[in-house]
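The structure under discussion appears below in the form of structure tokens.
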Amino acid sequence: MIPNLNYGNLKDSYLFYNIAQKTKAYLQKNPDKRLLRLGIGDVSQPLCPAVIEALKKGVEDQANIETFNGYMPECGAPFLRQAIADHYAKRGTGLETDEVFVSSGASDELGDILDLFGRGKTVLIPEPAYPAYVDANIMAGNKIVHLASGRENGFLPEPPADGGIDVIYLCSPNNPTGAVYNRVQLEKWVEYANSTQAVILFDAAYEAFIEEDIPHSIFEIPGARTCAIEICSLSKTAGFTGTRCGYTIVPKTLERGGMNLNAMWVRNRTTKTNGISYILQRGAAAVFTDEGQKQIHETLAIYKRNAKVIMKALDEAGAWYTGGKNAPYIWAMCPGGMDSWEFFDRLLNEIQVVATPGAGFGECGKQYIRFTTFGNPADTEEAAARLKKIFY
Ligand code: PLP
């Protein structure tokens, strides 16, 4: 038996391992120091009360014969699919409930969805990129076309001049750069995908951070229903990183090669999953109630204040950066043309701040560093005050 040899083409994932090793070594040498962590993209605030209540109620339901649920429908509980469709409708985007698929998170879906396209496809990945896009496509044996971006285009690359692309990953608001596509820019991508018959995988994991008049969903763009799939998550929206729930939108109007991708995804899910836990889906549905929305936005406001604190420090230091507005990441140019790992070491050794080196997100990230705004506010204030001393 020969296994999937594409796994041999994966590069070792040094990024978070190296960060962990370096911080561990630093603390061993300096046990009296406290690190301020603006590195990892995990949340610090707990689930909101409305979700907790709904989860408890879900557990109670499972304790009684009248309300007990066995297997849930593979594509999602009708009450949650409806709640998500209603949420889109409030933003002016009409969806049918069976275009909404409940998932256990965006990461799972970003890789699993490749089943729809078959092997050996050509996939466009704008970079810097969330590393899972690249690795999932290497595992699938796809050909990756890297589309570099940089300061000159605000880390928001436009579609390439040529076709020949089957699948396009777009992430807006972006991890790691915090850059966000506006309507006109997204229109160009939709036009490109429709005219070349490519399919956009739109990662909207950070849409809840948008405050300005910028699309939250690719389906706000005319024409997207014939060229896009949207993958979303409650991880950052509602603190579900350790609870796990997300959703994927596959329009019924999306067809390629005479096949309907919505029908194909139904077939895929009903074959490969037995659905998401009833209890979790009850918790997730609470996010979309008025009370849930109010409460999650109170938590998001904490992260947004963190963003303002970091941005103010970087502004005062004269640093160049993207993100922070409408996004929970801030992507700053390292001072003095420094390499991102070198700057990471300086931040760690001189001011005890942990960030994420841009090199981990692709070649064009080599001179940048990512700060997250998901930390606790007191540490973020302290880190920002120290950052001013090191950016010049
Ligand atoms: N997409 C992007 C761009 C992310 O940054 C993340 C998590 O950091 C995910 C997807 C994964 O989200 P989930 O926790 O739902 O798997």
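Does region 302-317 contain any residue that is closer than 22 Å to Glu152 by Cα, outside any helix (DSSP H, G or I) and within 23 Å of the chain's Cα centre (by Cα)? Looking for residues that are closer than 22 Å to Glu152 by Cα, outside any helix (DSSP H, G or I) and within 23 Å of the chain's Cα centre (by Cα), one finds none in region 302-317, hence no.
Report yes if some residue within region 135-143 is closer than 21 Å to Phe371 by Cβ and either under 14 Å from the mean Cα position of the chain (by Cα) or within 16 Å of the ligand (Cβ to nearest atom) (or both); otherwise report no. No: zero hits.
In region 223-247, the residues that are over 17 Å from Ile40 (Cβ atoms) form Cβ pairs under 6 Å with partners that are aromatic (Phe, Trp, Tyr) and near the ligand (Cβ under 8 Å from one of its atoms), at six or more places apart or across chains, as follows: Leu234/Phe240. Considering only region 208-231, state which residues are in contact with a Ser or Thr (Cβ under 7 Å, 6 or more places away or on another chain) and either surrounded by 24 or more Cβ atoms within 10 Å (Cβ to Cβ) or not basic (Lys, Arg) (or both). Passing the criteria: Ala208, Ser217, Phe219, Glu220, Thr226, Ile229, Glu230, Ile231.
Within region 99-116, residues that are at pLDDT below 95 sit with their Cβ atoms under 6 Å from residues that are within 8 Å of the ligand (Cβ to nearest atom) and in a helix (DSSP H, G or I), at 6+ positions apart or across chains, in these pairs: Ser107/Ala132; Leu110/Ala132. Remark: pairs (first residue in region 74-98, within 15 Å of Leu234 (Cβ to Cβ); second residue of a type in the set (Asp, Glu) and crowded, with 21+ Cβ neighbours inside 10 Å; Cβ separation under 9 Å; 6+ apart in sequence or on different chains) = Arg81/Glu99. Taken as a whole, region 334-353 holds at least one residue that is in contact (Cβ under 8 Å) with a residue 40 or more places away in the chain, in a loop (DSSP other than H, G, I, E, B) and buried (at least 17 other Cβ atoms within 10 Å of the Cβ).
Would you please name the residue that is nearest to the ligand (Cβ to nearest atom), looking only at residues in region 111-134 that are crowded, with 18+ Cβ neighbours inside 10 Å and aliphatic (A, V, I, L, M)? Here the answer is Ala129. Pairs are defined by a Cβ separation below 6 Å, a sequence spacing of at least 6 or placement on different chains, a first member in region 27-47 that is of a type outside the set (A, V, I, L, M, F, W, C), and a second member that is within 14 Å of the ligand (Cβ to nearest atom) and in a loop (DSSP other than H, G, I, E, B); the pairs so defined are Asp42/Thr241; Ser44/Phe374; Gln45/Gly239.
Residues of region 239-271 that are within 16 Å of the ligand (Cβ to nearest atom), hydroxyl-bearing (Ser, Thr, Tyr) and not in a strand (DSSP E or B): Thr241, Thr243.
If I ask for residues that are surrounded by 23 or more Cβ atoms within 10 Å (Cβ to Cβ), more than 15 Å from the ligand (Cβ to nearest atom) and either over 21 Å from Phe240 (Cβ atoms) or small (Gly, Ala, Ser) (or both), which ones from region 90-110 would you list? If the condition is that a residue be surrounded by 23 or more Cβ atoms within 10 Å (Cβ to Cβ), more than 15 Å from the ligand (Cβ to nearest atom) and either over 21 Å from Phe240 (Cβ atoms) or small (Gly, Ala, Ser) (or both), then Glu99 is the only one that fits.
Every residue, every condition in (1) assigned to a loop (DSSP other than H, G, I, E, B); (2) within 22 Å of Thr373 (Cα to Cα), yes or no:
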{"site": "Pro3", "(1), (2)": "yes, no"}
{"site": "Phe16", "(1), (2)": "no, yes"}
{"site": "Ile19", "(1), (2)": "no, yes"}
{"site": "Leu27", "(1), (2)": "no, no"}
{"site": "Ile40", "(1), (2)": "yes, yes"}
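The values are calculated or read from the model by the stated rules, or taken from the named source; none is laboratory data. Keep in mind the model is a prediction, meaning the values are calculated, not measured. All Cβ positions, glycine included, derive from the backbone under ideal geometry; neighbour counts span all protein chains shown.
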